[in-house]
1. Just for segment 279-293: of the residues that are buried (at least 17 other Cβ atoms within 10 Å of the Cβ) and outside any strand (DSSP E or B), which one is modelled with the highest pLDDT?
2. Pull up segment 180-196, narrow it to residues that are of a type in the set (S, T, N, Q) and in a loop (DSSP other than H, G, I, E, B), then point me to the one that is surrounded by the most Cβ atoms within 10 Å (Cβ to Cβ).
3. Which members of segment 67-83 meet the condition of being part of a loop (DSSP other than H, G, I, E, B) and either surrounded by fewer than 24 Cβ atoms within 10 Å (Cβ to Cβ) or hydroxyl-bearing (S, T, Y) (or both)?
4. Taking the criterion of being farther than 27 Å from S181 by Cα, assigned by TED's automatic domain parsing to the domain that holds N245, part of a loop (DSSP other than H, G, I, E, B) and under 18 Å from the mean Cα position of the chain (by Cα), would at least one residue in segment 84-104 satisfy it?
Amino acid sequence: MLNTRVFSLVITLSIITLLIAGCGGGSGSGEPREFTVAFSGYIMGQLGPCKCPGNPLGGFARRSTALQKEIAERDGMLILDAGKWVSLDMEDGVAKSKITAALLAELGVQAVNVTMRDARLGRETLLELKEEHELPFLSANLVEAGTNKRVFPASKKISVKFKDGGELEVAVIGVCRAGPSNYMPEETNLTFIDPGPALLKAYNKVKDADCVLILCDADRSVAADWLGYLEAETGTRPDIVLSSNMHPIRSARILIGQTPMTTAGMQGKYLDLVQVIPLKETGWDIRKSGIKLDATVPDDPKILELISIMSGDTLKITH
């Protein structure tokens, strides 16, 4: 009788263990699967189409329409921004940047990297925008001047949902290539610390995720230095790098070792789509495409109305 009870207890515990393991635990949901990142960067406060001769491209109203269509048709999508969303307009830059932040939130962005350009809005303005629009700002190395206290989370984990009920845990880290030698106006109350150690600390907290993405403003050489440093310190490296630096070839895909990297480009003139593809043994790969935001893409009237309300019809919404 005792042996029977012991046997039953062992079987019960085994079943419980299998069920717990099947739930995915803290490191994701099991088998990697393909997902898509709708990816922006270097938008530079461009609210409407550019003044391109013949066929103006871009604009948030077109971006919204294209994005909604892709969300409806694709399975498993993240919406991310790699930074440089702040306008450099000398007259209306702050106003345009505030509208840009509101529009990123309206489009459902799930993580926004903060670069040196964005940080020049200042600590108080950035915190107000985060609070007002619930914007998921990330930065591993942006800190308060004088205290070195981090202003925003360095990273976040996002559960990518699939239509069959499956999930995938994707970790996103934000980092800026700026360091102490880069000038930040005193009135911003912000500065950047060395991105290497800050990135390492952030990566160590999320490297157990199914896929780890870096959002940054780095070029290839800087990204390669970061990846080499992380690998030397941890024996692993992030899976993908998405950068807001413009590239002469809009659809560039760069491979740094086994890590794919790509850039957003053309100052908001395309909706960049990055398909993230699991490989059997070497991690992840990407395939980048883009939707040209030209006159064939209809404007989303809700976005046009929002821009009109927020601008008071006083701002020019074209470059």
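The values are calculated or read from the model by the stated rules, or taken from the named source; none is laboratory data. Everything numeric in this text was worked out from a predicted model, so none of it was measured. We place every Cβ from the backbone using ideal geometry, glycine too, and count neighbours over all the protein chains shown.
1. L293
2. Restricting attention to segment 180-196, the residues satisfying the condition of being of a type in the set (S, T, N, Q) are 181-182, 188-189, 191.
Now drop any that are not in a loop (DSSP other than H, G, I, E, B), which leaves 181-182, 189.
Working: S181: 7, N182: 12, N189: 16.
Here the residue is N189.
3. R74, D75, G76
4. No: zero hits.
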